[in-house]
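J.: To start, I am sharing the structure in question, which I have written as structure tokens.
The values are calculated or read from the model by the stated rules, or taken from the named source; none is laboratory data. None of the values given here were measured: they were computed from a predicted structure. No Cβ is skipped: glycine too gets one built from the backbone with ideal geometry, and neighbour counts run over all protein chains shown. In case anyone asks, the SASA skips ligands and DNA or RNA and just uses the protein heavy atoms, side chains included. Shrake-Rupley method; radii C 1.70, N 1.55, O 1.52, S 1.80 Å.
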Amino acid sequence: MQFTVSHAVFFGNCGEPTFTSSGYRNWQKMGKKCDKHNSSSVHKSAVTQMNEKLNAKVGRGTVLEQLDPMYGNAFFVEKNRDVLKVILDVILFCAKQDIILRGHRETIEDSNRGNFLELLQLITEHSPDIKDKIQGLPANARMTSPETQNDLLEAAASLLLRKIRDDVSKAKCFAILADECKDQSKREIIGVSLRYVSNGLVKERAVGFVETSDLSAQSIAEKIVEVVSFFALDPDDCVGFSFDGASVMSGNRKGVQALLAKVYKRGMYTHCHSHRLNLVLSTATKSETAFKNMFDSLDQLSTYFSGTKRHAKLMELQKEMRPDKQLSELANSSATRWIS
């Protein structure tokens with residue numbers, strides 16, 4: 001009975017013991033006793049508190065809604081899905097803009113907690129509905145931890161790779177492009193791309209970045225084959241591979257291209273054309289004294305203006321002399337980098 005439940009739970013043994021502890025035996029007068037109790041302030045207060053508790057939101061809907069397993073589960077799943085969509089969009093935005101997700105420190109007291117958390121907070125400030133949904137989740141299940149960020153990025157990358165696999169599988173031939181570089185933490189990374197024709201368009205897709213501590217030709221070749229094997233392509237459809245001209249990559253006997261030729265027998269090695277052009281230009285400038293002196297002077301100027309104060313002065317003078325022009329930077333020349 002409602003009055004008994006409410007009174008017992010919210011007022012305990014206070015008030016009338018008949019309805020909380022000792023019970024009732026004179027059933028002939030039960031009706032009058034109930035009517036009297038229903039009009040009492042103790043009962044009304046207990047019922048009000050009970051209704052407020054039942055209607056209170058506690059993360060997975062009201063108490064009554066949680067009593068229904070089907071409704072409670074559907075409510076929780078739908079709520080998580082709405083929050084997950086926002087979190088995933090923020091993560092993919094950071095990835096697309098090539099900006100780091102995490103900050104140096106991410107405690108609530110820090111003024112800048114990194115791009116991911118700051119952008120998510122900005123969204124919630126303009127969307128009370130999303131803010132309420134996130135705050136309504138348990139503190140350990142809000143899907144904002146670094147581990148969850150990594151999991152979502154890996155899931156998105158996996159879906160993208162599947163789309164690329166479906167696309168490249170329709171091509172009649174493909175080529176492999178690869179290079180070695182260091183990331184910001186100084187780890188050696190092998191980057192692998194596939195080049196193919198799809199619907200009459202030439203496409204190049206980065207398909208893998210794998211870490212390696214061994215930069216031997218054998219190790220690099222194995223990493224490349226490992227990445228490409230995910231796409232389950234016919235080795236006979238590979239018509240070529242392109243790398244830079246370093247001996248470990250281009251060696252005819254023990255280089256990466258020679259080792260890959262054993263797996264992709266129809267593939268032909270091509271020295272990267274941009275890399276070759278840069279080498280030609282670099283060599284040509286050194287053969288002419290006037291050009292060599294000019295580039296040497298530019299290198300010295302670049303080194304001189306790399307200092308903080310001098311660089312700031314260079315930018316300041318450019319603004320004064322060319323207020324409507326874009327600021328220019330000086331870069332050192334490089335024999336192996338086309339960007340120079």
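J.: At q = 0.14 Å⁻¹, what log₁₀ I(q)/I(0) does segment 250-294 have when each alpha carbon counts as one equal point scatterer in the Debye sum?
T.: Log10 of I(q)/I(0), two decimals: -0.51.
J.: Moving on. Quick check: from the Cα gyration tensor, does segment 74-194 come out rounded (a/c under 1.5), prolate or oblate?
T.: oblate
J.: Where does each of 39-48, 289-298 land if you order them by average Cβ count within 10 Å, highest first?
T.: Ranked by mean Cβ neighbours within 10 Å, highest first: 39-48, 289-298.
J.: Here's something else I'd like to know. Give me, ordered by chain and number, the residues 5 or more places off residue 241 or on other chains with an amide H under 5 Å from its own placed amide H.
T.: 176, 268, 269, 270
J.: Let me ask something additional. Only four residue types carry charge here, +1 at the Cβ of Lys and Arg and -1 at the Cβ of Asp and Glu. Report the dipole size of segment 263-314 about the Cα centre in Debye, rounded to the nearest 20.
T.: Charge dipole of segment 263-314: 260 debye, to the nearest 20.
J.: Then there is this: Percent of Cα-Cα pairs per 10 Å bin, from 0 to the last occupied bin, for segment 187-251, please list those.
T.: Going from the shortest bin to the longest, the percentages are 17, 51, 27, 4.
J.: Sticking with this one: How large is ³J(HN,Hα) for each residue in segment 288-304, as worked out from phi by the Karplus curve 6.51 cos²θ - 1.76 cosθ + 1.60 (θ = phi - 60°), to whole Hz, x for Gly and Pro?
T.: Couplings: 10, 4, 4, 5, 4, 5, 5, 5, 4, 5, 5, 5, 5, 5, 4, 5, 4 Hz.
J.: Longer than 22 Å from Cα to Cα, which of 186/262; 223/262; 172/203; 186/223 are they? Say none if no pair is.
T.: Check vs 22 Å cut-off fails for 186/262.
J.: So who's got an amide H within less than 5 Å of the one on residue 208, skipping anything under 5 residues away but keeping other chains? H placed 1.01 Å off N, in plane.
T.: 192
J.: So, for segment 118-158, what is the accessible surface per residue at a probe of 1.4 Å, expressed in square angstrom?
T.: On the way: 2490 Å² over 41 residues.
It amounts to 61 Å² per residue over segment 118-158.
J.: What FRET efficiency, computed as 1/(1 + (r/R0)^6) with R0 = 56 Å and r the Cβ-Cβ distance, is obtained for residue 297 and residue 78, rounded to the nearest 0.05?
T.: Approximately 0.25, to the nearest 0.05.
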